[in-house]
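The values are calculated or read from the model by the stated rules, or taken from the named source; none is laboratory data. All values reported here derive from a predicted model rather than from experimental measurement. Note that we place each Cβ from the backbone using ideal geometry, even for glycine, and neighbour counts take in every protein chain shown.
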Amino acid sequence: MVIMGMKIVFATNNEHKIKEIRNILGRSFTLLSLHDLKIKEEIPEEEPTLEGNAMQKARFIHKKLNINVFADDTGLEIEVLNGLPGVNSARFAGEKKDSDANIDKVLGMMGSSNNRKARFRTVIALIMNSKEYLFEGIVNGHIINERRGKDGFGYDPVFIPEGNDRTFAEMSLDEKNKISHRALAFEKLRDFLIKYQDNKDAV
């Protein structure tokens, strides 16, 4: 069964994420952002883990509007930096969430290390009919010494996923969505929502 126009709220105002996820979810879903709901206030992200942050954001919107909602949090985890920047990836170089500054800080900390192993990890927290669920997507790869590519966002210009010779920023959105951490997590969410609706209709 296809969920025709099923509405789901994504607790973000990040247009890059909205674009990516609309591409993943397709026309079976009507994806609403915080902008669509005219919510402009900052959503709290105060937890020490990706799981905690994602759930905190989802709970904040659910409590405010009492609607089914999901939120995500993503971190770049670099082996030689003991998992940094991790949960602080977006604000690694400061509260301005400056991607270029974040990349410069990461490259500076890594220096000339031969160990370039890293992974992107996305965690999605869903609150559906007041029940809470978590989904995870991981893609392994490595960090290169200089930026390559102009698409994508965040650390995409310096991250090459395993089995590839191009950075995420050198890939089209369709190419990236076939293998990215966010795509893997949101495919799990999509499959869950489809099964959830199927089971609901079967009752």
Going through region 174-203 one residue at a time, which ones are loosely packed, with under 15 Cβ neighbours inside 10 Å and either of a type outside the set (A, V, I, L, M, F, W, C) or in contact (Cβ under 8 Å) with a residue 12 or more places away in the chain (or both)? ASP174, GLU175, LYS178, ASP191, LYS195, ASP198, ASN199, LYS200, ASP201
Counting only residues that are in a loop (DSSP other than H, G, I, E, B) and either among the aromatic types (Phe, Trp, Tyr) or surrounded by fewer than 15 Cβ atoms within 10 Å (Cβ to Cβ) (or both), how many does region 152-163 have? 4
Checked pairs for region 81-100, first surrounded by 14 or more Cβ atoms within 10 Å (Cβ to Cβ), second of a type in the set (Asp, Glu), C-beta under 6 Å and 6 or more apart or across chains, list as GLY83/GLU77; GLY86/GLU77
Out of the residues in region 58-80 that are acidic (Asp, Glu) and within 15 Å of ALA185 (Cβ to Cβ), which is surrounded by the fewest Cβ atoms within 10 Å (Cβ to Cβ)? GLU77
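Results for (1) free of Cβ contacts under 8 Å to residues at least 60 places away in the same chain; (2) not β-branched (Val, Ile, Thr), shown as yes or no for each residue.
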| position | (1), (2) |
| --- | --- |
| VAL9 | no, no |
| LYS17 | no, yes |
| ARG27 | yes, yes |
| LEU37 | yes, yes |
| LYS57 | no, yes |
Is it true that ASN140 is farther than 30 Å from ASN66 by Cα and in a loop (DSSP other than H, G, I, E, B)? no
Could you please find all residues in region 39-48 being touching a residue at least 24 places away in the same chain (Cβ under 8 Å), of a type outside the set (Asp, Glu) and either surrounded by 11 or more Cβ atoms within 10 Å (Cβ to Cβ) or closer than 14 Å to VAL69 by Cβ (or both)? ILE39, ILE43
Of everything in region 1-15, what is modelled with pLDDT of 60 or more and among the β-branched types (Val, Ile, Thr)? Give them in sequence order. ILE8, VAL9, THR12
Could we say that ILE127 is surrounded by fewer than 21 Cβ atoms within 10 Å (Cβ to Cβ) and in a strand (DSSP E or B) here? no
Condition check for GLU51: on the phi < 0 side of the Ramachandran plot, out of contact with any Phe, Trp or Tyr (no Cβ under 9 Å at 6 or more places or on another chain) and without any contact (Cβ under 8 Å) to a residue 12 or more places away in the chain: no
